[in-house]
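The values are calculated or read from the model by the stated rules, or taken from the named source; none is laboratory data. Small disclaimer: the values here were computed from a predicted structure and weren't measured. Glycine gets a Cβ as well: all are built from the backbone with ideal geometry, and neighbour counts include every protein chain shown.
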Amino acid sequence: MMMKWGTLFRCLRELRMSNSIQSGTDCDLVAAMGRVFGFHQFRPNQEEIVRAVLAGRDVFAVMPTGGGKSLCYQLPAHLLDGTCVVISPLISLMKDQVDAAGATGLQAEYLNSSLGYSEQGGVLHRLASGELDLLYVAPERFARGDFLAALKSVRLCLFAIDEAHCISEWGHDFRPDYLTLSRIVTEFPGVAVSAFTATATHRVQQDIIERLGLREPFSVRASFDRPNLFIRVESKDDVQMQILSFLRRHPGESGIVYRTTRADVESTATFLADRRIKALPYHAGMETHVRKANQDAFNRDEIHVIVATIAFGMGIDKSNVRFVIHGDLPKNMEGYYQEIGRAGRDGEPAHCVLLFSYGDITTIRYFIDKMEVASERAIAGRKLDQIVKYAGSTRCRRRQILGYFGENYEADNCGACDVCAGDVERADATVEAQMIMSAIARTSERFGAGHIVDIVVGAETKKIRQLGHDRIKTYGVGADKSKDKKDWRRIVDNLVAQGCVAISGGRYPVLAIAPKGREVLFGRAKFEIFRKKVKKAVPTRVRKPGRAADVVGEYDKDLFEHLRVVRTRLARRRNVPPYVIFSDRTLHEMARDLPRSLEAMQYITGVGEQKLRQYGEEFLAAIRYYRSLVRPGSAQAETYQITREMEAGGLTIEQIARKRGLSASTIAAHLERLVLNGCKIDLNRHVSAETRKKIEALFQTYGRHRLKTIIEASGETVTYEQARLVRALLETDSATAIPWR
Ligand code: ADP
Ligand code: ZN
C-alpha cells in the first residue's frame, strides 16, 4: 500500500495513538487542508465531521449546497490509508469531480457505464494497486458481485454517500438504485460510512440513517442559510430588458436565467445573443446533444449565461455561478431555493433576482387547475400562495425563506437582501389601492387586471366603451396621477401578493376583493407597497453584495478579468472546466493581494501545493505583467502600452512597426501577449477571415505549438504574424475548440 503524505500520516498516527485526535491539539488538520486544498480555515461543521471520520465513526450530515461537503470526505481520504469510495448519483458529474480532486493532487478515478471495458479495467487495476485516494462510483455498481469482490480485496478507508436523500422514498428525489447501498454495512462491517445531503427533513434523515444502517452516526444539521447570496425581488415589467440591464451591470459573470416556458427560454436566449451577450438556451425539448453542448459551454465559461427551464439543474457543479435570475415566478419555495442555491457555491458573493408580476400567478394557477388529483392540486395551490406571499412581502427575504424551511433566523438585519439593505422603500398607497378596488367592485368583480387598470387611468378602449365602463365613477380617477399603467399594474400585483385581492378563473382570470382588501377599501386599514429606491452609481472597485462571514472584500476588478482569461486558457488546454483550475474566490484573492512570489501565492485560498506547482508561475506572470502595466514608467509597460495605443488608434501592424522602427513580428508578439493577458483587442481586424480559416485548419493538423511548422506547411503563404494572431484569437475566442497539442 502506498503511503500518502508520509509525514502527516505518521503524525496523525501518533496523534491517534496518543488518543488526542479528538481533542483539538492537532498537528495539524488545518495545515494538511492548506497543503492539499489551499484552504486555511474550515467552514462550519467541516472540522467536526473530518474528526469524526478520522476517528472511524459513521457520519450523517445535512449541509447546504456550497457548504463544502466534499472536503469532509476528501481530506480524510487523503490522510487515511486506503481508498475512499464515493457514491454519487450523477454520472455526468463524475468526470468533473475526479478532475477537480486530481487538480489538488489527490489520486482519483471513477467507474461508471460511460467508460469502455478496458478503461474500467485500468481503473480497477489502479484500485487494486492501492494507489487511489478516491474512487467515484454510481450506486448501481453495488448490485454487482464482481464489484463488491473487487472492493473486498483492497483496503478501504471510508464510504462517502453523496446526495444520500436519494435512498429515501420520503424525499423528493428517490432513486431505487440507492436501496442497494444498504448492503454496504453488512458487506463491509469494518469500514465507516458517511452520508451527505443538502436536503432532508427530520423524517427523511431518520429514513436515511435506518436504510443505510448507520451505526450511531455523528450527525450534523447545518443551517440552510447561504449568507453569500444577495436575494432580491423586483417588479417585472419588461422582463427581457430587465435581464439585459442586469447582465450589462455584470459583464463577463457566469449565471443562470430561469424562464418557465420553453418558448420564453428560446426567445430570451435569442434576445440576449442578439445584443452580444454570450447566452445559450437549455430546455428538455431540445435535442440531447445540443442541450449537452450548451451545458458544457456554460460549464467551461465559453458562454456567460444559460437561459433555461427548471430542467437545468441536476448535474451542475460549477462553483462560479455569480447570479441566478428568475424571469418568472417559480411554482413554490422549495424549487426557488434549490434554484438560487446554484449560485455562489464557492462562497463568493452572488446575486439572486426574482422578477415578479401578477401575470405569472395566473399562468401557474392555470397549470395547477389542470392537475387531476384534487389533493395535489390543493397542495400546489397552497405552495403557490406561499411564494406569492414571499415575493409580495416587505419582510427580510432570508428570514422568510429560512422560516419556511422551519429555521428561525435570529438577526434583525440579514444585510444581504433587498429589504434589509434598504434597496426597497415602503410607500403608502392606500388611496391608489382604494381606486383599484373600487373599480373592481363597481364592475362586479368580473374583470382582469388589464381592464381594471384601463378603467382607473381612463383609457379609451373599445371594451370600455362597449361595456359602458367610462360612465362608472372610478373611470379615469387615476389619470392625473404621476403614474403610468405599469405603476398601476404594480399596485395590483401588490394587492394580490398581500392578499387584498384574489384571482380566480383559469385562462381568463378575474379579480375579486378579499376580506383583507375590504378593510383597506373602507378605510379601516392602510395599504403599503414597496418599491425600489433609485441607486447611486456603482463604484469601479467591487463592493460585496453578500455578507459572507469570510469575504474577500475589495479587489482589483481589471486584474481579476486578466486572471480569468488566464484561467480559461489553462482550462482549455487541460480540457477541464475553469473552476477546476481555480475558483473565483481564489482569483479574487489574487486580485486583492497581488502576490509577487510563489511563497506569497501559497497564502491565497485555494492554492494547494499541487496547484501552486502547476499554475503558480503562470498566474504570477500575469500579475507581474499587470502590475507593470499599471506602474507607469517600466520599460516593458511602456513598449506594450505604445503598441496598444497605436492599435487602438486604428493602425495596422505594419504601420505600427514602421512608426516604431520595430519588426512586424515584434508588434504581433506584443499584441498576442496583450490579448493573452486579457486586453480587449479585436484581432480580427488584422487577419482576414480567409487567412484565419486556413491557419485554423493548419493548427488542427499540426497543433499550435510550432508556428514554424505551420508556416512551412502553408508553403509560406501565411506569415508568422498572422499565425501568432490567429493563435491568440483561438485562445481567447471561446467559439472554437481546437485542441492543444
Ligand atoms: P457542496 O458539495 O457542499 O455543495 P463543495 O464541496 O462542492 O460543496 O464545496 C463548495 C466550494 O467551496 C468548492 O469550491 C470548495 O472548493 C470550496 N470550499 C470547501 N471547503 C472550503 C474551505 N474550508 N475554505 C474555502 N473554500 C472551501
Ligand atoms: Zn434580509
Breaking point among (1) more than 14 Å from the chain's Cα centre (by Cα); (2) buried (at least 18 other Cβ atoms within 10 Å of the Cβ); (3) not in a loop (DSSP other than H, G, I, E, B), for VAL257: (1)
Return the pairs, sorted by first residue and then second, in which the second residue is among the hydroxyl-bearing types (Ser, Thr, Tyr) and more than 10 Å from ligand 1 (Cβ to nearest atom), the first residue lies in the stretch 42-53 and is closer than 12 Å to PHE218 by Cα, the beta carbons are less than 7 Å apart, and the residues are 6+ apart or on different chains. VAL53/SER194
Keeping to the stretch 455-472, report how many residues are of a type in the set (A, V, I, L, M) and either more than 48 Å from the chain's Cα centre (by Cα) or surrounded by fewer than 18 Cβ atoms within 10 Å (Cβ to Cβ) (or both). 2
Please find, within the stretch 57-79, the residue that is farthest from ligand 2 (Cβ to nearest atom) out of those that are surrounded by fewer than 24 Cβ atoms within 10 Å (Cβ to Cβ) and at negative phi. LEU79
Scanning the stretch 414-439 for residues that are surrounded by 19 or more Cβ atoms within 10 Å (Cβ to Cβ) and either charged (D, E, K, R) or within 16 Å of ligand 1 (Cβ to nearest atom) (or both) gives ASP418, GLU432
What's the number of the only condition in (1) within 16 Å of ligand 2 (Cβ to nearest atom); (2) touching a Pro at 6+ places or on another chain (Cβ under 8 Å) that GLY392 fails to meet? (2)
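Select from the stretch 78-97 the residues that are aliphatic (A, V, I, L, M) and modelled with pLDDT of 95 or more and list them in ascending order. Before you say what the answer is, go through the steps one by one.
First, pick out the residues of the stretch 78-97 that are aliphatic (A, V, I, L, M): 79-80, 85-87, 90-91, 93-94.
LEU79, LEU80, VAL85, VAL86, ILE87, listed by residue number.
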Looking at the stretch 417-439, which of its residues are under 15 Å from ASN494 (Cα atoms) and away from ligand 2 (no atom under 16 Å from the Cβ)? ALA427, ASP428, ALA429, THR430, VAL431, GLU432, ALA433, GLN434, MET435, ILE436, MET437
Set GLU253, GLU234: member being more than 30 Å from LYS485 (Cβ to Cβ) and touching a residue at least 60 places away in the same chain (Cβ under 8 Å): GLU253
Can you tell me how many residues within the stretch 287-312 are buried (at least 16 other Cβ atoms within 10 Å of the Cβ) and under 16 Å from SER92 (Cβ atoms)? 10
Looking at GLY403, GLY327, GLY381, which is the one that is small (Gly, Ala, Ser) and within 16 Å of ligand 2 (Cβ to nearest atom)? GLY403
So in the stretch 147-186, with the set limited to residues that are surrounded by fewer than 17 Cβ atoms within 10 Å (Cβ to Cβ) and closer than 22 Å to ALA52 by Cβ, which one is farthest from ligand 1 (Cβ to nearest atom)? THR186
Against the conditions (1) under 21 Å from GLY450 (Cβ atoms); (2) out of contact with any Phe, Trp or Tyr (no Cβ under 7 Å at 6 or more places or on another chain); (3) not in a loop (DSSP other than H, G, I, E, B), where does LYS516 fall short? Just the number, please. (1)
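Let's see how each residue does on (1) farther than 30 Å from ARG490 by Cβ; (2) modelled with pLDDT under 90; (3) not in a loop (DSSP other than H, G, I, E, B):
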position	(1), (2), (3)
THR199	yes, yes, no
ARG203	yes, yes, yes
ILE209	yes, no, yes
GLU216	yes, no, no
SER219	yes, no, yes
VAL233	no, no, yes
LEU244	no, no, yes
ARG248	no, no, yes
Quickly run through the stretch 388-416 and pick out the residues that are within 25 Å of the chain's Cα centre (by Cα) and under 17 Å from LEU495 (Cβ atoms). VAL388, TYR390, ALA391
Looking at LYS463, LYS486 in this structure, which one is at pLDDT 90 or above, assigned by TED's automatic domain parsing to the domain that holds PRO515 and more than 16 Å from ALA512 (Cβ to Cβ)? LYS463
With the structure loaded, tell me whether GLU140 is part of a loop (DSSP other than H, G, I, E, B) and among the acidic types (Asp, Glu) or whether it fails that test. no
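Yes/no per residue for (1) assigned to a loop (DSSP other than H, G, I, E, B); (2) under 19 Å from ILE231 (Cβ atoms); (3) touching a strand residue (DSSP E or B) at 6+ places or on another chain (Cβ under 9 Å):
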{"site": "ILE401", "(1), (2), (3)": "no, yes, yes"}
{"site": "GLU407", "(1), (2), (3)": "yes, yes, no"}
{"site": "CYS414", "(1), (2), (3)": "yes, yes, yes"}
{"site": "ALA427", "(1), (2), (3)": "no, no, yes"}
